[in-house]
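The values are calculated or read from the model by the stated rules, or taken from the named source; none is laboratory data. Everything numeric here is computed off the predicted structure, so don't read it as measured data. Using ideal geometry, Cβ is built from the backbone for each residue, glycine included, and neighbour counts are taken over all protein chains shown.
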Amino acid sequence: MKNYFFYDEKECEFVPVTYRPSERIIYTLSLWILCGTVVSAVSLSMLTYVVGSPAEIALKAENKALYSQLHDTKRVIEQLDHQMQQIAQTDNELYRTVLGIDPISEDERRAGIGGADRYSNFDVYSADAADLLRWTVSNLESIERRINIQKVSFEDIKRHYNENQDLMRNIPAIRPINGMILSGYGMRRHPVLGYNRMHEGVDFRARVGTPIYATGDGVVRSASRRGTYGLMLVIDHGHGYETRYAHLSSIADGLRPGTKVERGQVVAKSGNSGVTSGPHLHYEVRQNGRPVDPLNYMFADLTPEEYIEYQRIAQTNPYSMD
């Protein structure tokens, strides 16, 4: 232990400093307490500087949770945007095309807003947060505008439908059979002949004897066997429309050329006649003598979701049933 001295002017010499045991203990404890206090204060300051105060830590955790929620919201918005695109496509390709109404362009549907930066108030946040907030708000506003435009479009379609009741009764607008689609319109590989060729209709799954319905009002044009189509029924709907129902097992009693039929009336039963790979219904729609995609003419009893699912099946199966 070090000794401490003081200078005694009277004696002209250095005299060692002496402490009582109690004083030495108090001094030592005081020194340790002082050092501990200084070290704790410095450590707390450094910790606060690096990590942050309790309030700052809580705020950072809250910001992290909000940032995560914004990313989740972004994914939902992207899904909504995709669904809006599908509805718009159905609106243009199905309802408007069939009714003869001009389609709405993508630019019109998005109805963008120009001008100065409308989201500059987000610049006070970090760059990542500001970009995410800009994207979220702008896309939500875009979806809201597109929904409003879609509402106007549906009202336009409804008005056009009401003004053309006679035409709408004749247009082939329902499914010809209660069954799932198997193959779609377009180039397909023939299951029997083994080469690609134009498949001018759609194939529906159907057991032999399943009822088949007229898809619009019309007049029977023919009901007879026709080559690889087997037993086939052809209905003339007027306005340039014609439907064909092939590979039948039988025609409804009393149906012959010139017989009037109504939409929803049972006109035949499915079968396996002609050249096929199994029982099913081959269904065609022709407009002004040319085959068109029948999926675009099932708007009266197909929801947009069902239409999308039918399209998916039709596009992914490279084979036809006939």
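Details
- Test: residue in region 242-261 that is touching a residue at least 60 places away in the same chain (Cβ under 8 Å), surrounded by fewer than 22 Cβ atoms within 10 Å (Cβ to Cβ) and under 21 Å from Gly100 (Cβ atoms): no
- Single residue of Gly271, Gly278, Gly264 found to be in the same structural domain as Phe204 (by TED's automatic domain parsing) and over 35 Å from the mean Cα position of the chain (by Cα): Gly271
- Positions within region 146-187 being in contact (Cβ under 8 Å) with a residue 12 or more places away in the chain, assigned to a helix (DSSP H, G or I) and either under 25 Å from the mean Cα position of the chain (by Cα) or closer than 21 Å to Lys269 by Cα (or both), in sequence order: Arg146, Ile147, Ile149, Gln150, Ser153, Phe154, Asp156, Ile157
- A single member of Thr215, Thr210 is over 32 Å from the mean Cα position of the chain (by Cα) and surrounded by 15 or more Cβ atoms within 10 Å (Cβ to Cβ), and it is Thr210.
- Candidate set: region 109-140, residues that are in a helix (DSSP H, G or I) and within 23 Å of Gln86 (Cβ to Cβ); chosen: the one modelled with the lowest pLDDT: Arg110
- Taking the criterion of being in a strand (DSSP E or B) and touching a residue at least 24 places away in the same chain (Cβ under 8 Å), the residues of region 212-231 that qualify are Ile212, Tyr213, Gly218, Val219, Val220, Arg221, Ser222, Ala223, Arg225, Leu231.
- Checking each residue in region 199-211 for being of a type outside the set (Lys, Arg), in a strand (DSSP E or B) and touching a residue at least 60 places away in the same chain (Cβ under 8 Å) picks out His199, Val202, Asp203, Phe204.
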